[in-house]
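Structure, as structure tokens:
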């Protein structure tokens, strides 16, 4: 029966991937329903993860409506235009930092047009900086102090003796250095190829002749309250980290906290949204139509469906999974990264993958240091070229250099993605071995 149920899970994920967008979550719910009809008791719903995502997105969307996102993108544009030769490094640096600060990779949407413009102006194929930037925006989720994946993972690690701060102490340097090493490798590949310049791309030349390459876009108009909204958000982010630090068992400044870390993040983020609405004259109804709000709520539904589907199957067969994989993972802990890599490619969410598999991995006896080192592998959302930020990069690159090949997997995001995760896991084992 386990194989029939596994087939149901895979079929639901396949249907969701084919339909795309929010339908990924719909298909996950359908899969849970079919499993229930087969006699499987549904697992725990990932309401804690979803609540965090929704609260963070509310704060981000309020900041966007107030003009804060345009202000941040304007800063990024100035940095990129002043240093075009370093675009392959600066593009992922900016998307990494924005994701780190916001807790969602969807902030990368706003920087993609700027990256594309700067690349075109300097005869660089946009596919190179765009691909590394998209990967950086995905992998930075596992280092963001307010991302749902990090907050949930820290909650299951704490009983094992690894706290929130220790998780970040490994995740932040390992993922950041990995992204920069990936950019270095991709730049070296370009330097070794005499035809890597944009002018040598046949698709670009054909589009240029047809006159379909867009010229530089108009300057963004920054709203009066833009800087204020960014300041409020940053102060809230610092407050979240300060509270999480204060209630940590390692620090112990607050021995009996009235709010858990999850509750504090949700309360702080909703409070930030309220403060921005009050201080920046934001109309609440405008938040509902913000692009970050729409994409974030879509992500919440996707996590609800696929994470619930994953936890339902894993919980129903935990004994069989332990018999099959327990000893192997304990003896070869690096294999956890491989499992997470392929699971994330199907589940399309760092939070969903973490929620579905990390508790089981720790229960199987995987050492906490190995779990922390393997954690960045939940960011393998680039394998199938159907993730929103990946598709956006393809659409926004009007030169045609960022394109999906005939064989689906031959797209420009796969190599930098595999490199970034490989570097992150390897560095994570090194740092974790010292700190944990």
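Taken together, the values in this text are just the output of simple stated rules run on the coordinates, not laboratory data. Please read all numbers here as calculations on a predicted model, not as lab measurements. FYI the Cβ positions are ideal-geometry reconstructions off the backbone, even for glycines, and counts take in every protein chain you see.
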Could the peptides 133-141, 354-362, 263-271 be put in order, highest first, of the mean number of other beta-carbon atoms found within 10 Å of their residues? 133-141, 354-362, 263-271
May I ask for the distance between the Cα centers of region 42-121 and region 267-283, given as a whole number of Å? 19
For labels at residue 18 and residue 193 in the simple 7 Å Cα→Cβ model, what's the distance in nm? 3.3
The chain: proportion of alpha-carbon pairs further apart than 41 angstrom, %: 14
Between residue 227 and residue 41, how many nm apart are label points set 7 Å from Cα along the C-beta direction? 5.8
What is the Cα coordinate range of region 97-162 on the first, second and third principal axes, sorted by size from largest, in whole angstrom? 52, 17, 12
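Sort 115-125, 196-206, 28-38 by packing, meaning the average of other beta carbons within 10 Å per residue, with the highest value first.
115-125, 28-38, 196-206
Using only DSSP helix segments of four residues or longer, with each worth -39500 (n - 2.57), what per-residue ellipticity at 222 nm results for the chain after dividing by its residue count and rounding to 500? Can you show the working numbers first?
Working: 20 runs with 307 residues, N = 436.
The helix-only estimate for the chain comes to -23000 deg cm²/dmol at 222 nm.
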Segment residue 208-residue 288, length gained on full extension (0.36 nm per residue, minus Cα span): 25.0 nm
Once you have a ≥ b ≥ c as the square roots of the Cα gyration tensor eigenvalues for region 326-436, tell me rounded if a/c is under 1.5, and otherwise prolate or oblate according to whether a/b is larger than b/c. prolate
